[in-house]
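Please treat every number below as a calculation from the coordinates, not as lab data. These figures come from a predicted structure and were not determined experimentally. Here the Cβ is made from the backbone with ideal geometry for all residues, glycine too, and neighbour counts use every protein chain on show.
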2 protein chains.
Amino acid sequence: MGRDAAPPGFTRFRADVAYDGTGLAGFQLQPGKTTVQLRLEVAIQAATGGFSRVHPSGRTDSGVHARAQVIHFDSATRMAPPQLLRAVNAHLPPEIRLTRVARPRTEFHARFDASGKEYRYFIWNDPVQDPFTRTTQWFVPWALDVAAMRRAAALLRGEHDFASFTANARRDVGSTVRHLRRLSVTREGPEITITASADGFLYKMVRSLVGFLERVGAGKLTPNDARLLLDARERNRQVPTAPAQGLFLWKVWYGAISSARADEE
Amino acid sequence: MGRDAAPPGFTRFRADVAYDGTGLAGFQLQPGKTTVQLRLEVAIQAATGGFSRVHPSGRTDSGVHARAQVIHFDSATRMAPPQLLRAVNAHLPPEIRLTRVARPRTEFHARFDASGKEYRYFIWNDPVQDPFTRTTQWFVPWALDVAAMRRAAALLRGEHDFASFTANARRDVGSTVRHLRRLSVTREGPEITITASADGFLYKMVRSLVGFLERVGAGKLTPNDARLLLDARERNRQVPTAPAQGLFLWKVWYGAISSARADEE
């Protein structure tokens, strides 16, 4: 599955896609399941009259949301991007929406051209759950020490081998070294937001980082355990995987990330 | 149904309640329907072992949400407020939550003592619907002129006869004059928030005001039509009722509202 250009007579399209992953079995096609890819391919076919394979910047797991997933596909349609956006949206269920359609250069590849990604994870940290964020936040009723979570996050930022923070290292082809440019923890009232951006992420890496940070916030682990875990390079029961419903694929970058930009908090 | 004190051996409780009204048939008990009142009375009985009638600050319609509805009820329970809050929440479905329980003076009445209310109405104004606000905002795909909506809102603020802005004037006992202290229209990106506060509201008044403001924003009516409608004192087809899912009962005030506080935008 290498890079290729749109075949003659076909146009390559790039689209930004938002989805509420609550009732969906993740992005990728799976026999007998309703996935984002299935819904998109069915809607594009209904809108254009021809089948298009949909390629995302990367998969998202069952129950994970996207504010701006990026996909590409080739189509023989003559529709202009705004028209295609309306036509595809008319065939999508309301939990999935194209928010933008563009005609990139003909070799644009949603996955291979991605230079970085940002995920956000939301925690509702209050003794009482919020009725309105049940499907978009992780409800943690015990008190979390955000200052401790920030100290742990600071130790995780930068370039490290994150083998201890992936659910299945064997699923990750090649190196488990990643450059975590940003890992921030902010609180506004009962809502804690964890923002992670990197050149790329391992399988379930963000949910593993969040699972670890929650344990630190709860006082069950210390910020310094981040060092020990990074050094261990092996998954450990001290790193739980945070639940899917709090996770959003927030942004995908294409093109060079300014090297002048220092690692952020 | 007059004001009364808690009977001997009973304690009066006040609670703030948040609910996602999406799957609920409004607040009030109705044969064969799942309502907020039914869920609360069942949960309180399960938590305390005795039946308590629940009295709200006012009803909300089917599909309408509450960030902070206020209720009162009497119970023979010996539980302290924080304990009662946890016990009742443990028996409520996740779309309804007590967010605070208190012991007010024994004659406190959620409806008769309310001195004012604030509602907020949310509109998602963008050509593409947002997958995450389908059940909490009204999706309006055509462009809305917020400046025109504000001019109309300014004419509606203050003390007026709002008979043209209620769904069924006969359902409103007594005067249809209300003092609309605040009616503001703000926009942040695609999200328009309409905030309305008053000493009291007529039946479906907020959704009627929003329905009218949307028509002004869409250019189908002019701000000055507000004057004509107020003067007409009769419901008119020019005032549609905005859908329930965008409406939140946001706050209920008890005690005097400072008379120094001028009408706000």
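In nanometers and ordered shortest first, the copy-to-copy spacing of the B:H55 label point, defined 7 Å from Cα toward Cβ, is 6.8.
Can you tell me the relative contact order of the range B:1-154? Whole percent, Cα pairs under 8 Å, sequence separation 6 or more.
28 percent
The packing ranking of peptides A:240-250, A:73-83, highest mean first, is A:240-250, A:73-83, where packing means the average number of other beta carbon atoms within 10 angstrom of each residue. Ordering A:V210, A:V88 by the number of other Cβ atoms within 10 Å of each residue's own Cβ, fewest first, gives A:V88, A:V210. Take A:E191, move 7 Å from Cα toward the beta carbon, and the resulting point lies 0.6 nm from the same point in each other copy, nearest first. Computed over every Cα-Cα pair of the range A:12-80 and binned at 5 Å starting from 0, the pair-distance distribution P(r) comes out as 3, 17, 29, 25, 15, 7, 2 percent.
Output the 0 to 90 degree angle, nearest 10, between the alpha-carbon long axis of helix A:36-48 and the longest principal axis computed from the alpha carbons of chain A. Once rounded, one gets 20 degrees.
Pairs over the 27 Å Cα-Cα cut-off, from the set A:K204/A:K251; A:K220/B:K251; A:K33/A:K204; A:K220/A:K251: A:K220/B:K251; A:K220/A:K251. Annotation for A:K220 and A:D4: the two label points, set 7 Å from Cα along the Cα-Cβ direction, are 4.7 nm apart. The stretch between B:H179 and B:S62, if pulled fully straight at 0.36 nm per residue, gains 39.6 nm over its current Cα-Cα span. With label points set 7 Å from Cα along Cα→Cβ, the inter-copy distances at B:A232 are 7.1 nm, sorted shortest first. The peptide list B:159-166, B:30-37, put in order of mean Cβ contacts within 10 Å with the highest first, becomes B:159-166, B:30-37. Could you work out the relative contact order of chain B, using alpha carbon pairs under 8 angstrom and six or more residues apart, expressed as a whole percent? Computed over chain B, the figure is 23 percent. Shielding by partners for peptide A:131-143, expressed as the average number of C-beta atoms from other protein chains within 10 Å of each residue's C-beta, is 3.
For B:G116, the shell of other residues with beta-carbons less than 9 Å away shows a net charge of +1, using +1 for Lys and Arg and -1 for Asp and Glu.
Here the protein assembly as shown is assigned +1 on the Cβ of each Lys and Arg and -1 on the Cβ of each Asp and Glu. Its dipole about the Cα centre then comes out at about 420 debye. Using +1 at the C-beta of Lys and Arg and -1 at the C-beta of Asp and Glu, which of A:V128, A:V140, A:G63 has the Cα lying farthest in the positive direction of the dipole of the range A:41-144? Comparing the listed Cα positions along the dipole, A:G63 ranks first. Counting Lys and Arg as +1 and Asp and Glu as -1, what is the net charge of the other residues whose Cβ lies under 9 Å from the Cβ of A:L249? Charge balance near A:L249 sits at +3. The dipole here belongs to the range B:148-215: it is taken about the Cα centre, uses +1 on the Cβ of Lys and Arg and -1 on the Cβ of Asp and Glu, and is about 80 debye.
Between B:E191 and A:A147, the modelled labels are 3.0 nm apart [label points 7 Å from Cα along Cα→Cβ].
Fewest neighbouring Cβ atoms within 10 Å first, the residues A:R134, B:R207, A:R105, B:R12 line up as A:R105, A:R134, B:R12, B:R207. Sparse packing (at most 13 other Cβ atoms within 10 Å of the Cβ) combined with a DSSP loop state is found for the following chymotrypsin sites (Phe, Trp or Tyr not before Pro) in the range A:1-53: A:F51. For the range B:35-177, the dipole from Cβ point charges (+1 on Lys and Arg, -1 on Asp and Glu) about the Cα centre works out to 400 debye, to the nearest 20. Indicate the gyration tensor shape class of the protein assembly as shown (rounded, prolate or oblate), computed on the Cα atoms with a ≥ b ≥ c the square roots of the eigenvalues: a/c under 1.5 is rounded; otherwise a/b larger than b/c is prolate and the rest oblate. Taking the square roots of the gyration eigenvalues as a ≥ b ≥ c, the protein assembly as shown is oblate.
Each label point was placed 7 Å from the Cα along the Cα-to-Cβ direction; for B:L29 and A:Q83 their separation is 6.0 nm.
Within a 10 angstrom radius of the beta carbon, how do B:E107, B:E118 rank from fewest other beta carbons to most? Going from sparsest to densest Cβ surroundings: B:E107, B:E118. Counting Lys and Arg as +1 and Asp and Glu as -1 over every other residue whose Cβ lies under 13 Å from the Cβ of A:A143, the net charge comes to -1. Relative contact order of the range A:124-198: 28 percent, from C-alpha pairs under 8 Å at least 6 residues apart in sequence.
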